[in-house]
1. Between Thr12, Thr73, Thr47, find the one with the highest GNM mean-square fluctuation for the chain; connect C-alpha pairs within less than 10 Å.
2. Provide the solvent-accessible area of Leu19, counting protein heavy atoms only and rolling a 1.4 Å probe, rounded to the nearest 10 Å².
3. Using a 1.4 Å probe over the heavy atoms of the protein chains, calculate the carbon and sulfur portion of the accessible area of the chain as a whole percent.
4. Keeping all protein chains in position, work out how much accessible area Lys63 exposes to a 1.4 Å probe, and write it in Å² to the nearest 10.
5. Modelling each spin label as a point 7 Å along the Cα-to-Cβ direction, I'd like the Leu25/Trp78 distance in nm, to one decimal.
6. Net charge around Phe21, counting only other residues with Cβ within less than 12 Å of its Cβ (Lys, Arg = +1; Asp, Glu = -1)?
7. Return P(r) of the range 1-46 (all Cα-Cα pairs; 10 Å bins starting at 0; whole %; ordered from short to long distances).
8. Output the relative contact order of the chain, whole-number percent, from Cα pairs under 8 angstrom with separation of 6+ residues.
Amino acid sequence: MPVRNVEIKQTTLAAHKQLSFESLLAAWLLGDGWEVLIPAIDHGKKTDLVVADDNRYYRIQVKSIQSANESTTVENKWQGDLPPTSHTS
């Protein structure tokens, strides 16, 4: 098992953890048969992954929280923040 020999700043570690959640979601979606596209950069774009099923594309923003139990309710603070999208059939 490799051993990390340098100290990582907390902000950098937080970014690594967030990326690991995005990678885990991508793996789950790939395993379910979705096409998964990863933007080169998502800073300020609110898109961590794009998934496609035939000719429909969906933008996904991954968020995470730390909780002591599974009954935590998360308030939707994104409502109305994203522009309306159109789907081609």
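The values are calculated or read from the model by the stated rules, or taken from the named source; none is laboratory data. In this text the structure is predicted, and so the values were computed from the model without any measurement. Using ideal geometry, Cβ is built from the backbone for each residue, glycine included, and neighbour counts are taken over all protein chains shown. Just so you know, the surface numbers come from the protein's heavy atoms only, side chains and all, with ligands and any DNA or RNA stripped out. Shrake-Rupley method; radii C 1.70, N 1.55, O 1.52, S 1.80 Å.
1. Its mean-square fluctuation being the largest, the pick is Thr73.
2. 100 Å²
3. For the chain, the apolar C and S fraction of the accessible surface comes to 55 percent.
4. 130 Å²
5. Label at Leu25, label at Trp78, 0.6 nm between them.
6. Charge balance near Phe21 sits at 0.
7. Here the calculated profile for the range 1-46 is 21, 40, 29, 10.
8. 19 percent
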